[in-house]
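The values are calculated or read from the model by the stated rules, or taken from the named source; none is laboratory data. Note that the structure is a prediction, hence the values are computed from the model and not measured. Positions of Cβ are backbone-derived with ideal geometry, glycine not excepted, and every protein chain shown enters the neighbour counts. Only protein heavy atoms, including side chains, enter the accessible area calculation; ligands, DNA and RNA are left aside. Shrake-Rupley method; radii C 1.70, N 1.55, O 1.52, S 1.80 Å.
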Amino acid sequence: MTPVLKITDLHKSFGDLKVLTGIDLTVHKGDVVSLIGASGSGKTTLLRCVNLLEEFERGSIEIAGEAIGYRDEGGRRRRRPERQIARQRAMTGMAFQQFNLFPHMTALKNVMLGLVKTKKLGQDEARAVAEKWLDRVGMIERKDHYPGQLSGGQQQRVAIARAIAMNPQLMLFDEVTSSLDPELVQEVLAVVRDLAADGMTMLIVTHEMRFARDVSTKVVFMHQGRIAEEGPPEQIFGAPKSERLAGFLANSEI
Amino acid sequence: MDYDFNFAVIWRNWDLLASGLGLGLLLAVVSIAIGCVIGLVAAFGMLSKHRVLRWLALSYVSAIRNTPILVLILFTYFALPELGVALDKIPSFILTLSIYAGAYLSEVFRAGLVALPKGLREAGLAIGLTEMKIKAYIIVPVMLRNVLPSLSNNFISLFKDTSLAAAIAVPELTFYARKINVESFRVIETWMVASLIYVATCYAIASVLRRFEARLAIPR
Amino acid sequence: MDLSFFLDNLWNARMSLLSGFGKTLVISLASVILGSGLGVLVGLALSYGNLATRFVLRVYTDFLRGTPVFVLILACFYVLSVVGVDLSAFQAGVLALTLFCSSHVGEIVRGALAAIPKGQTEAAKSIGLTFGQTFASVLLPQALRQILPTWVNTATEIVKASTLLSIIGVVELLLATQQVISRTYLSLEFYFFAGFVYWLLNFLIEQAGRAVERRVSIPQ
């Protein structure tokens, strides 16, 4: 079975600063993989490389067998044309820490935009799909509200619906609760948990350790741009093999 | 294009251009100083509890900001004498520019005052200061430091507006540029140089003020 | 001040004043429309152009914004005839105001696009939109709402600057008023009247702008 995501020897630098120094990671259909680690460990950068919001210098990322962003042309690495990259980005869905909802559109229109423009659905079909996913995240009552009229938790749920409605092969969650007031965190985590239970393939960057332990099929601990330890949640949280991970967990709430 | 560039006449008249520039800067400085006082009064007026004061301040600001400055200049110089207020060119221009500056600065100050946390005034009351003292020692000093960037922008605008003094024959930079242009026919050189002097002066003012801002700003 | 005397003279002068007012409107409309069109292109180029384009346009906007509009008008008026471009005073004036407007609008557009958070583009990318789709559906609607108030302000600045064309002999409202004054000696009344007309025009433009703002504002 072709894995949903296959990252091979990924390297990324910001100028002189090496942020990712050789990442190998495989995610199969139905996997829920959590990326944990200290700030600066590279976990968010890794996530953002998967949908090419960040470029990478070496290595490859394959989604359902297709090389993302770059192509091997006669031994030389070439960047794919923008249109192809746009299409490839639609294979994944991303939910951002800052939600990034389009403020001038209602919740419904936010979810419909990608369906109409990228997937080229008709207005009625797009509306039906959008309403279905808004309902799924519990936001159907507020479909005609603007982001400015919604709470942080509500906005994030709409943002998740916007990403999932595109029917991606892989969902990317970038610290989706880090900007939320504490009382709003649970409603968003509940949505993610629910989607995971339904078999959605996910790659999650999070600081919520309890959540990571509960929902993940695999946990990856990153440190200074490489994968320091990976394994099932029971091992990572219950019996960490490295001192570094043990130290990290001791400092985090678990 | 058949044109013989000859900057000699410009160099010969450098003293006129320099004195024109100096006068322009002087007019700007005096006007913004007076304008600050007017603007502060108007800003407090706009935020006052009394409806009449608010209306007066708002009318002043609206009237001046929507009227072309050239009309104001001509009115002050040519029409006011009929009401008994006959001023020479330079005082007349300074009066006009100050009132003009006051209207724009009042908006800057009003926004600055509104942005201050209420706690500032309450802290002043708590240590027994009167409203007037609170305004003088706390509110205005803090607000002024916060609005320094806006103040700088306004000053640069005002400096450019001094070019209009030429309309009533005040001997500032534009007046002399026009004189040189008409007398020497060195059209391109004159206006190139005049324009360059203004642009360069604006840049210079901006960087001086920025350094000033950095020194005066409240450390964060 | 004899009100009925003034009104008599006002009525007698109505045709020339109306004609002047019409001229003012034509000057303002032409400059705002041409200048804004050009300004949008400049703003887009400043936001998305290559390094060389952005450098050239930066110099263009900085130069135009650092020069007083009066100097721009005089420069266009005097210089163009010398280089063989035969423009009437009216055309030279509109050209100067168009360039002036374009530099301001260019900066407004650049600023508005830059103010949109990067996350908006990233979210659009993540749902597979191309740059063209992102610009049309996500960036432009947000930028337009941001641009509107400042653009209305620029439009009123152009209306006010149209008065400067009187100095190069274009018979717009101010010069028409001055001509009436030279006949009737009622400088106080007629300058006040002209000032009022300009105030009213700009006030209406401001109100129209605010109405449009309210219409397109996003519910919070």
| query | Largest first, how would B:W11, C:W151 line up by accessible area (1.4 Å probe)? | reply | B:W11, C:W151
| remark: Sequence order, the range A:217-222: Karplus ³J(HN,Hα) from phi using 6.51 cos²θ - 1.76 cosθ + 1.60, θ = phi - 60°, Hz rounded, Gly and Pro as x, gives 9, 8, 10, 10, 9, 10
| task | Mind listing the long-range amide H neighbours of A:R226? Cut-off is under 5 Å, sequence gap 5 or more, other chains count too, H placed in the peptide plane at 1.01 Å from N. | result | A:T21
| request: Please work out how much accessible surface A:T8 shows to a 1.4 Å probe, ignoring ligands, DNA and RNA, in Å² rounded to 10. | output: 50 Å²
| note | The orientation-averaged projected area of the Cα convex hull of the range B:47-162, in nm², is 8.9 nm²
| message | Which residue fluctuates most in the GNM of chain B (Cα springs below 10 Å): B:R110, B:R51, B:R145? | response | B:R51
| Set of lysines with alpha-carbon distance to B:K160 below 24 Å, sequence-local pairs under 8 removed | B:K89, B:K179, C:K160
| message | If R₀ is 56 angstrom, what is the calculated FRET efficiency for the pair C:F5 and C:R54, using the beta carbon separation as r and rounding to 0.05? | response | 0.40
| request: Take every Cα-Cα pair in the protein assembly as shown and report what % of them are more than 41 Å apart. | output: 47 percent
| message | What does the structure give for C:185-194 when I average, per residue, the other chain Cβ atoms found within 10 Å of the residue Cβ? | response | 4
| note | A student applying the Cα gyration tensor rule (rounded when a/c is under 1.5; otherwise prolate if a/b is larger than b/c, oblate if not) would label the range C:158-220 prolate
| Residues whose placed amide H lies under 5 Å from that of A:G37, excluding near-sequence neighbours | A:M222
| said: Residue by residue through B:160-167, how many Cβ atoms from other chains fall within 10 Å of the Cβ on average? | reply: 5
| message | With bins 10 Å wide starting at 0, give me the P(r) of the range C:3-216 over every alpha carbon pair, in whole percents. | response | 8, 27, 29, 20, 10, 4, 1, 0
| message | Quick query: amide H of A:Y70 versus all other amide H atoms, modeled in the peptide plane; which residues come in under 5 Å with a sequence gap of 5 or more or a different chain? | response | A:R80
| said: Please list, short to long, the whole-number percent of alpha-carbon pairs of chain B in consecutive 5 angstrom bins beginning at zero. | reply: 1, 6, 12, 14, 15, 14, 12, 9, 6, 4, 3, 1, 1, 0, 0, 0
| field | Surface accessible to a 1.4 Å probe, A:T118 within the full protein complex, Å² | value | 30 Å²
| query | Which residues in the range B:107-148 have a backbone N closer than 19 Å to a point placed 7 Å from the Cα of B:L58 along the Cα-to-Cβ line? | reply | B:107-115
| said: Given a 10 angstrom Cα cut-off, can you work out which residue in A:V32, A:V129, A:V50 is the most mobile in a GNM of chain A? | reply: A:V129
| message | If the elastic network links every pair of Cα atoms under 10 Å, which of B:G39, B:G102, B:G20 fluctuates the most in the Gaussian network model of chain B? | response | B:G20
| request: Determine how large the accessible area of B:Y203 is when every protein chain is in place; take a 1.4 Å probe and give Å² rounded to the nearest 10. | output: 120 Å²
| What number, in nm² with one decimal, is the all-direction average of the projected area of the convex hull of the alpha-carbon atoms of chain A? | 14.5 nm²
| query | Cα centroid distance between the range C:145-220 and the range C:81-95, in Å? | reply | 24 Å
| Which number comes out as Rg/Rh for the range A:200-254 once both Rg and the Kirkwood Rh are worked out on C-alpha atoms? | 0.92
| query | Taking B:K133 as the anchor, which lysines have their alpha carbon closer than 19 Å to its alpha carbon, excluding any fewer than eight residues away along the same chain? | reply | B:K49, B:K118
| said: Just checking the output field for C:199-207: average partner chain Cβ neighbours within 10 Å of each residue's Cβ? | reply: 3
| So for chain A, taking the charge dipole from beta-carbon charges (+1 Lys/Arg, -1 Asp/Glu), which of A:A250, A:Q156, A:T118 sits furthest toward the positive end? | A:T118
| task | Please work out the C-alpha center-to-center distance from the range A:188-254 to the range B:124-166 and express it in whole Å. | result | 54 Å
| Once the other residues with Cβ under 12 Å from the Cβ of C:Y78 are scored (Lys, Arg +1; Asp, Glu -1), what is the net sum? | +1
| request: Could you tell me which of A:Q97, A:A38, B:L164 has its Cα farthest along the dipole of the protein assembly as shown towards the positive end, charges placed at Cβ (Lys, Arg +1; Asp, Glu -1), taken about the Cα centre? | output: A:A38
| message | Taking R0 as 51 Å, what FRET efficiency do you get between B:N153 and B:V85 from their Cβ-Cβ distance, rounded to the nearest 0.05? | response | 0.95
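Compare C:S16, A:S39 by solvent-accessible area with a 1.4 Å probe and give them largest first, with all protein chains kept in place.
Of C:S16, A:S39, the descending order of accessible area is A:S39, C:S16.
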| said: Please enumerate, by chain and number, the aspartates and glutamates with C-alpha under 13 Å from the C-alpha of A:K117, excluding those fewer than 8 residues away in the same chain. | reply: A:E125
| said: Quick check on my link table: of A:K143/A:K218; A:K119/A:K218; A:K29/A:K241; A:K43/C:K118; A:K29/A:K109, which ones sit more than 23 Å apart, alpha carbon to alpha carbon? | reply: A:K143/A:K218; A:K119/A:K218; A:K29/A:K241; A:K29/A:K109
| request: Just the number, please: percent antiparallel of the DSSP beta bridges in chain A, rounded to the nearest 5. | output: 60 percent
| field | the range A:122-167-the range B:193-216 distance, computed between alpha-carbon centres (Å) | value | 51 Å
| field | Largest-first ordering by accessible area, 1.4 Å probe, given options A:K109, A:K218, A:K132, A:K12 | value | A:K132, A:K109, A:K218, A:K12
| field | Karplus 3J(HN,Hα) series, Hz, for the range A:108-124 with 6.51 cos²θ - 1.76 cosθ + 1.60 (x for Gly, Pro) | value | 4, 5, 4, 6, 6, 4, x, 5, 6, 7, 8, 8, 6, 7, x, 4, 5
| query | Helix by helix, which DSSP H runs in chain B go 30 Å or more along their axis at the Cα atoms and have an average Kyte-Doolittle hydropathy of 0.5 or more? | reply | B:14-46, B:89-114, B:187-216
| query | Once phi is turned into θ = phi - 60°, what whole-Hz ³J(HN,Hα) does the Karplus curve with 6.51, -1.76 and 1.60 give for every residue of the range C:98-114, x standing for Gly and Pro? | reply | 4, 4, 4, 4, 4, 5, 5, 5, x, 5, 4, 5, 4, x, 5, 5, 5
